């Protein structure tokens, strides 16, 4: 399920990156970094759930998901350079990374703990 939703979310990110600068509403462009943080936080969550379906959030699994999401964020910024009026931005990519990092860190901290067995 989360694999399909992750792919749909990728499509949403591509559509948003393809929009010319002239069609972006002011409330979005004025809070650009916040939107990047939120959108890539959601993306990080979806990718983690897709790649780690058993919920066993180990450190290295989370790092791999973060690397994947960060690489996509960088490619997305590059892709934006082909949309009219859009330019790639290091600060946008950093906000993408921080959104995914925050959500993945919270997922790691609050990961499913193995059920304790009474008497052991």
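The shape of segment 52-110 can be summarised by an equivalent ellipsoid whose semi-axes, obtained from the alpha carbon gyration tensor, come to 28, 11, 7 Å from longest to shortest.
Listed peptides 51-59, 65-73, 35-43 appear in the order 35-43, 65-73, 51-59 once ranked by packing, highest mean of other Cβ atoms within 10 Å at the front.
Normalising the Debye intensity of the chain to I(0), with uniform scatterers on Cα atoms only, and taking log10 at q = 0.17, 0.22, 0.23 Å⁻¹ returns -0.83, -1.22, -1.30.
Axis of helix 32-51 versus longest Cα principal axis of the chain: the two differ by about 40°, to the nearest ten degrees. Mean residue ellipticity, 222 nm, helices only, the chain: the sum of -39500 (n - 2.57) across DSSP H runs of n ≥ 4, divided by residue count and rounded to 500, is -23000 deg cm²/dmol.
Reported to the nearest whole Å, the Cα centre-to-centre distance from segment 5-26 to segment 41-78 is 19.
With respect to the chain, whose longest principal axis is taken over its alpha-carbon atoms, helix 90-109 is tilted by about 20°.
Mean shadow of segment 18-57, computed from the convex hull of its alpha carbons, in nm²?
Numbers: hull surface 14.6 nm².
So the mean shadow area of the Cα hull is 3.7 nm².
Just so you know, all these numbers are worked out from the coordinates, no wet-lab data involved. No experiment lies behind these values; they were computed from the predicted model shown. Counting neighbours? That spans all protein chains shown, and the Cβs are built from the backbone with ideal geometry, glycine included.
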